[in-house]
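My structure is below; once you've seen it, I'll send some questions.
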Amino acid sequence: QYLDNLYSKFQPIEQSRWNQSNIDTLFYAGNQSFINRTLSFSPGITANQYYFNLVQQPINMVTGYQRQHRKSLVYQASDGADPQTTDQYTRLIMNVCQKENIHEAYSKSCELASVAGMNLMQPYLDFTGDDPAQGQLKVKIWEYNSFLVDPFFRNPDMSDAQFIWCQEYINKRVAEERFPGQLDNIRPM
């Protein structure tokens, strides 16, 4: 009931963000045909129209620069700590970032954020892969239309947001893996 109340209260506000992000994503992809649907003065006439994608080049310039100059994660010793330990942590995280393509996921997130305005990155441990005991560090990107966030947050890291509600559609096999206690409810679906 709490989630339903949140959704009914904040969905109209978030709907405007989703619509604008959808328009921006269509522009970036080069599809500007929705302008004909909203601003068409003569719907019966279908003339050949040419569109010039003015959005893609500046976004590609910014994200291309980010990809060429992206930084690595580095641990630094502080307060007289052992530098050999931090160097070992640095080598470990660099290995994980290269193996799991975390830098590429970060660059993709920057690109999606520059196109649609906002998205989320979620680091998590995946216990279904090669290391079921410790888990593998992975990054999930939530695109602009897959989450509902408190529209009144002010801090850039969303630390003052009251809620962030993510939603994704999964298939039956993934649902059985994630929720083994609910197999009786999932199997008839």
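Looking at the stretch 24-36, I want the residues that are under 13 Å from Phe52 (Cα atoms) and have a partner that is of a type in the set (S, T, N, Q) and at pLDDT 75 or above with Cβ atoms under 6 Å, at least 6 apart or on another chain. Which pairs are those?
From the stretch 24-36, the pairs are Tyr28/Gln56; Gly30/Asn53.
Go through the stretch 4-22 and report how many residues are touching a residue at least 12 places away in the same chain (Cβ under 8 Å) and open to solvent by less than 80 Å² (accessible area, probe 1.4 Å). Step through it out loud before you land on a result.
To start, the set of residues in the stretch 4-22 that are touching a residue at least 12 places away in the same chain (Cβ under 8 Å) comprises 6-7, 10-11, 13-14, 17-18, 20-22.
Right, trim to open to solvent by less than 80 Å² (accessible area, probe 1.4 Å) and you get 6, 10-11, 13-14, 17-18, 21-22.
Total meeting the criteria: 9.
Would you call Glu168 surrounded by 11 or more Cβ atoms within 10 Å (Cβ to Cβ) and of a type in the set (D, E, K, R)?
It is false that Glu168 is surrounded by 11 or more Cβ atoms within 10 Å (Cβ to Cβ) and of a type in the set (D, E, K, R).
Also: List the number of the failed condition for Asp160; all other conditions in (1) at pLDDT 90 or above; (2) out of contact with any Lys or Arg (no Cβ under 8 Å at 6 or more places or on another chain) hold.
(2)
Among residues belonging to the stretch 140-165 that are open to solvent by less than 40 Å² (accessible area, probe 1.4 Å) and among the small types (Gly, Ala, Ser), point out the one that is nearest to Pro12 (Cα to Cα). Give the derivation first.
Here is the first cut: in the stretch 140-165, the residues open to solvent by less than 40 Å² (accessible area, probe 1.4 Å) are 141-142, 144, 146-151, 158, 161, 163.
Filter once more, keeping what is among the small types (Gly, Ala, Ser): 146, 161.
Working: Ser146: 15, Ala161: 18 Å.
Within the stretch 140-165, the match that is nearest to Pro12 (Cα to Cα) is Ser146.
So, one more: When you look at Glu168, is it among the acidic types (Asp, Glu), in contact with a Leu (Cβ under 7 Å, 6 or more places away or on another chain) and either over 26 Å from Thr63 (Cβ atoms) or not in a helix (DSSP H, G or I) (or both), yes or no? Before you say what the answer is, go through the steps one by one.
On the way: among the acidic types (Asp, Glu): yes; in contact with a Leu (Cβ under 7 Å, 6 or more places away or on another chain): no; either over 26 Å from Thr63 (Cβ atoms) or not in a helix (DSSP H, G or I) (or both): yes.
In short, no.
When only residues in the stretch 1-50 that are among the hydroxyl-bearing types (Ser, Thr, Tyr) and either modelled with pLDDT of 70 or more or touching a helix residue (DSSP H, G or I) at 6+ places or on another chain (Cβ under 7 Å) (or both) count, which is farthest from Ala116 (Cα to Cα)?
At the first step, the residues of the stretch 1-50 found to be among the hydroxyl-bearing types (Ser, Thr, Tyr) are 2, 7-8, 16, 21, 25, 28, 33, 38, 40, 42, 46, 50.
With the extra rule that they be either modelled with pLDDT of 70 or more or touching a helix residue (DSSP H, G or I) at 6+ places or on another chain (Cβ under 7 Å) (or both), the set shrinks to 2, 7-8, 16, 21, 25, 28, 33.
Details: Tyr2: 28, Tyr7: 21, Ser8: 23, Ser16: 12, Ser21: 5, Thr25: 6, Tyr28: 9, Ser33: 18 Å.
In this case the residue turns out to be Tyr2.
Identify the single condition in (1) of a type in the set (Ser, Thr, Tyr); (2) under 29 Å from Val74 (Cβ atoms); (3) part of a loop (DSSP other than H, G, I, E, B) that Ser114 does not satisfy, given that it satisfies every other one.
Against the list (1) of a type in the set (Ser, Thr, Tyr); (2) under 29 Å from Val74 (Cβ atoms); (3) part of a loop (DSSP other than H, G, I, E, B), Ser114 comes up short only on (3).
Also, I was wondering about something else. Select from the stretch 73-132 the residues that are acidic (Asp, Glu) and without any contact (Cβ under 8 Å) to a residue 24 or more places away in the chain and list them in ascending order. Even if it seems obvious, please write down each step before you answer.
Residues of the stretch 73-132 that are acidic (Asp, Glu), as a first pass: 79, 82, 87, 100, 104, 111, 126, 130-131.
Asp79, Asp82, Asp87, Glu104, Asp126, Asp130, Asp131 - these are the residues of the stretch 73-132 that are acidic (Asp, Glu) and without any contact (Cβ under 8 Å) to a residue 24 or more places away in the chain.
Please go through the stretch 88-109 and pick out each residue that is open to solvent by less than 40 Å² (accessible area, probe 1.4 Å) and either not small (Gly, Ala, Ser) or not in a helix (DSSP H, G or I) (or both). Steps first, please.
At the first step, the residues of the stretch 88-109 found to be open to solvent by less than 40 Å² (accessible area, probe 1.4 Å) are 90, 93, 97, 102, 105, 107, 109.
Listed by number, the residues that qualify are Thr90, Ile93, Cys97, Ile102.
Suppose we keep only residues that are open to solvent by less than 60 Å² (accessible area, probe 1.4 Å) and modelled with pLDDT under 90 within the stretch 51-64. Which one would you say is farthest from Ile164 (Cα to Cα)?
At the first step, the residues of the stretch 51-64 found to be open to solvent by less than 60 Å² (accessible area, probe 1.4 Å) are 53, 55, 59, 63-64.
Cutting the leftovers down to modelled with pLDDT under 90 gives us 53, 55.
Values: Asn53: 33, Val55: 29 Å.
Ranking the candidates gives Asn53 first.
The values are calculated or read from the model by the stated rules, or taken from the named source; none is laboratory data. Nothing here was measured: the structure is a model prediction, and the numbers come from that model. Cβ: placed from backbone, ideal geometry, glycine included. Neighbour counts: every protein chain shown. Heavy atoms of the whole protein, side chains included, go into the accessibility calculation; ligands, DNA and RNA do not. Shrake-Rupley method; radii C 1.70, N 1.55, O 1.52, S 1.80 Å.
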